[in-house]
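Colleague: Here it is, the structure, as structure tokens.
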Amino acid sequence: MKRRILFLGPPGAGKGTQAIRIASKYGLLHLSTGDLLREEVTAGTELGKEAKLIMNKGELVSDQLVLSIVEKRISNQKEGWLLDGFPRNLVQAASLQSLLEKINQPIEQVLLLELTDEVLIKRLLTRGRSDDTEETIKNRLTVYKEKTTPLIEHYSLLGLLKSVNGDGEMEEIENKIEEILI
Ligand code: AMP
């Protein structure tokens, strides 16, 4: 079983849902930078206030900020982890790489959940999160394509990437993911 995992994929592909299921089934730490940022927003912290403006535009918050969120939590995690929504660009991938080298915990699998824009937009519009307005959704997809998709080639070249089609029944997709991870 792979125990140090990254989930990649566009917003609305179902990364969060699948990450929660897989992490709880195998006792991995589920780390969603989006969830952690939303907690800060709800708690009304300074960090949350700053992040909220950026998140509501569909832009990425600063690399340094998300890295510090991840670093704090991952360092003593010996059972394994599943990162969901991080890294989001090549700078974050490089920072993650040096952190993982420092703690001697290399990535074992990168899993890409793929879905067409049409299905993504439909899903996001029914989700009802505060950053799920039509305009923000469009920007999040643009940001994904520009900043995050280079990670697909990056992790493919490292021989770590496998893809799963994210369109289908939740259980069916979960089974396909498990086949890759086991
Ligand atoms: P998510 O829940 O992963 O869709 O993230 C929601 C929002 O949080 C994104 O649109 C970004 O504004 C912010 N965010 C989450 N993860 C990151 C990250 N790794 N780097 C920068 N911004 C992030």
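The values are calculated or read from the model by the stated rules, or taken from the named source; none is laboratory data. Since the model is a prediction, treat every value here as computed from it, not as a measurement. All Cβ positions, glycine included, derive from the backbone under ideal geometry; neighbour counts span all protein chains shown. Note: accessible area is taken over every heavy atom of the protein model, side chains too, but ligands, DNA and RNA are not part of it. Shrake-Rupley method; radii C 1.70, N 1.55, O 1.52, S 1.80 Å.
Colleague: Considering only residues that are among the small types (Gly, Ala, Ser), more than 21 Å from Pro150 (Cα to Cα) and within 17 Å of the chain's Cα centre (by Cα), which ones fall in segment 62-117?
Modeller: Result: Ser68, Gly80.
Colleague: Tell me which residues, restricted to segment 94-135, are within 14 Å of the ligand (Cβ to nearest atom), closer than 13 Å to Glu71 by Cα and crowded, with 16+ Cβ neighbours inside 10 Å.
Modeller: Matches in segment 94-135: Ser95, Leu96.
Colleague: For Thr148, indicate whether it is at negative phi, of a type in the set (Ser, Thr, Tyr) and open to solvent by 30 Å² or more (accessible area, probe 1.4 Å).
Modeller: no
Colleague: While we're on this one: Within segment 49-61, does at least one residue satisfy the condition of being more than 10 Å from the ligand (Cβ to nearest atom), within 21 Å of Lys176 (Cβ to Cβ) and either part of a helix (DSSP H, G or I) or open to solvent by 70 Å² or more (accessible area, probe 1.4 Å) (or both)?
Modeller: Scanning segment 49-61 turns up no residue that is more than 10 Å from the ligand (Cβ to nearest atom), within 21 Å of Lys176 (Cβ to Cβ) and either part of a helix (DSSP H, G or I) or open to solvent by 70 Å² or more (accessible area, probe 1.4 Å) (or both).
Colleague: Here's something else I'd like to know. Taking the residues in segment 20-34 that are assigned to a helix (DSSP H, G or I), more than 10 Å from the ligand (Cβ to nearest atom) and open to solvent by less than 40 Å² (accessible area, probe 1.4 Å) as candidates, determine which candidate is farthest from Glu179 (Cα to Cα).
Modeller: Ala23
Colleague: Looking at (1) more than 16 Å from the ligand (Cβ to nearest atom); (2) over 14 Å from Ala13 (Cβ atoms); (3) assigned to a strand (DSSP E or B), which one does Leu82 not meet, given that it meets all the others?
Modeller: For Leu82, the failing item is (1).
Colleague: Now a separate question. Within segment 70-79, how many residues are surrounded by fewer than 18 Cβ atoms within 10 Å (Cβ to Cβ) and either part of a helix (DSSP H, G or I) or among the acidic types (Asp, Glu) (or both)?
Modeller: So the count comes out to 4.
Colleague: For segment 2-19, name all the residues that are open to solvent by less than 30 Å² (accessible area, probe 1.4 Å), of a type outside the set (A, V, I, L, M, F, W, C) and not in a helix (DSSP H, G or I).
Modeller: Scanning segment 2-19 gives Gly9, Pro10, Pro11, Gly12, Gly14.
Residue by residue, here is whether (1) in contact with a Phe, Trp or Tyr (Cβ under 6 Å, 6 or more places away or on another chain); (2) closer than 21 Å to Arg123 by Cα; (3) of a type in the set (Val, Ile, Thr) holds:
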position	(1), (2), (3)
Phe7	no, yes, no
Lys15	yes, yes, no
Met55	no, yes, no
Leu65	no, no, no
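Colleague: Can you list residue pairs whose Cβ atoms sit under 6 Å apart, with the first residue in segment 167-180 being under 16 Å from Phe7 (Cα atoms) and open to solvent by 40 Å² or more (accessible area, probe 1.4 Å) and the second being hydrophobic (A, V, I, L, M, F, W, C) and modelled with pLDDT of 95 or more? Count only pairs 6 or more apart in sequence or on different chains.
Modeller: Short answer, once both residue conditions are applied: Asp167/Leu115; Lys176/Val164.
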